[in-house]
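Reviewing the structure listed below.
The values are calculated or read from the model by the stated rules, or taken from the named source; none is laboratory data. This one's a predicted model, so the numbers in the text were calculated from it and none came from an experiment. Using ideal geometry, Cβ is built from the backbone for each residue, glycine included, and neighbour counts are taken over all protein chains shown. The protein model used for the area step is the full one, side chains on, heavy atoms only, and it has no ligands, DNA or RNA in it. Shrake-Rupley method; radii C 1.70, N 1.55, O 1.52, S 1.80 Å.
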Amino acid sequence: MNTNITRRISKAIKIGGVTVGGGAPVVVQSMTKTDTRNTKATVRQIKQLEDIGCEIIRVAVPDAEAATALVDIKKGIKIPLVADIHFDFRLALAALEAGVDGLRLNPGNIGEPDKVRKVALAAKKRGVPIRIGVNAGSLLKTSDKKLTVADHMVAAALAQVKLLESLDFDLIKVSLKAFDVPTTVAAYQSIADKIPYPLHIGITEAGTPRSGVIRSAVGIGTLLWLGIGDTIRVSLTASPKEEVIAAYEILKSLDPRRRGPVLVSCPTCGRAEADVVKLARDVDRRLLKIDKPIRVAVMGCVVNGPGEAKDADVGIACGKGKGVIFKHGEKVAVVEEKDFLNALMREVQSL
Ligand code: SF4
């Protein structure tokens, strides 16, 4: 079985300082959940996301006040800022004026060709890419019964691409998101051969973390396995931190890109002699801010524990009241139960 992923090579574009496409590492992005007009809260949320590896951030721009706030938001953050615009071309122009690094809009819902032309010209002048974002839920009804939803999404995106290309604009990124995984995968597979542009992938409105992370992992994971996807977002009804964490877990699972530790933890069973669930949860939380790609193991007993813990860069095999810490396969300490977490994290830090 071939375990290598052959990636679709798209045309590279730059969102601020971040390269998307052209074989660059898959970029992780998210979207703020604050009121964009509240600059302070929005910057605070973006900074929290920067800390855990978010590389591009999108904010909703529903009105002129939100567009004005973009100036200060941009000043307060390090990662590229993308403005999400619907319908009003003046908001797109104001966002560009405010210095955003990317726009997400559908030229089709901006209206008359002259308005689209103005936005495309202003974006081109600043070298700012536009993401054409087609969502299955917001497609216009079609009378063609032969078209599947995926076909319909692709046709809608291609029409928007054509419109921008006719204005001599090619700093394009495309997304085709649906809640339904097979529809999403079919749509991306279909468009991947039809355009040279980078693809932003995700499952839209995926749900709460419990189901949404799984749905996103299946959808995004399948596409990445097929070599499709230059940037990803996990859309969850939850804090955007959950989205970024889930995105990196998906990437780490396929290993097209590794950032941060991988935590191996046993499911526990009747042999467990310590509270492994709590220990694994605490370790997971403490590993969040570490970006080194290491493997950490938390195992519940001395039966299978030492084997797995030994394979990790750092690991613990818990026993009754005591645990054995391993580092690069060597036993380095025996610690009391109350010290499990701190002793393990000390070894992680020492790497
Ligand atoms: Fe059970 Fe030990 Fe395996 Fe954990 S490592 S699942 S406690 S046998």
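A few notes on this one:
- Evaluated against (1) under 24 Å from V334 (Cβ atoms); (2) open to solvent by less than 30 Å² (accessible area, probe 1.4 Å), G260 falls short on exactly one condition, (1).
- Failed item in (1) away from the ligand (no atom under 16 Å from the Cβ); (2) open to solvent by less than 80 Å² (accessible area, probe 1.4 Å), with W225 passing the rest: (2)
- Subset of segment 331-342 (residues that are in contact (Cβ under 8 Å) with a residue 12 or more places away in the chain and under 36 Å from the mean Cα position of the chain (by Cα)): F340, L341
- Selected residue (criterion: modelled with the lowest pLDDT) from residues of segment 260-276 that are touching a strand residue (DSSP E or B) at 6+ places or on another chain (Cβ under 9 Å) and either more than 11 Å from the ligand (Cβ to nearest atom) or of a type in the set (G, A, S) (or both): A272
- The lone criterion from (1) touching a residue at least 60 places away in the same chain (Cβ under 8 Å); (2) within 16 Å of the chain's Cα centre (by Cα) left unmet by I5 is number (2).
- Among the residues listed as A98, A83, A92, the single one being under 22 Å from the mean Cα position of the chain (by Cα), in the same structural domain as A157 (by TED's automatic domain parsing) and under 20 Å from I130 (Cβ atoms): A83
- D151 being in contact (Cβ under 8 Å) with a residue 24 or more places away in the chain and either touching a Pro at 6+ places or on another chain (Cβ under 9 Å) or of a type in the set (V, I, T) (or both): no
- Residue check, A217 among the small types (G, A, S) and either in contact with a Gly (Cβ under 8 Å, 6 or more places away or on another chain) or not in a helix (DSSP H, G or I) (or both): no
- Residue ranges of strands (runs of 3 or more DSSP E) in segment 288-351 with at least 3 members more than 13 Å from the ligand (Cβ to nearest atom) and outside the structural domain of A247 (by TED's automatic domain parsing): 322-327, 330-336
- For A60: the one exception among (1) free of Cβ contacts under 8 Å to residues at least 60 places away in the same chain; (2) open to solvent by less than 20 Å² (accessible area, probe 1.4 Å); (3) touching a strand residue (DSSP E or B) at 6+ places or on another chain (Cβ under 7 Å): (2)
- Restricting segment 302-330 to residues that are within 15 Å of A280 (Cα to Cα) and under 31 Å from the mean Cα position of the chain (by Cα), the residue that is surrounded by the most Cβ atoms within 10 Å (Cβ to Cβ): I316
- Cβ-Cβ under 6 Å pairs, at least 6 apart or on other chains, segment 267-291 side open to solvent by 40 Å² or more (accessible area, probe 1.4 Å), far side within 14 Å of the ligand (Cβ to nearest atom) and not hydrophobic (A, V, I, L, M, F, W, C): T268/G300; E273/G319; E273/K320
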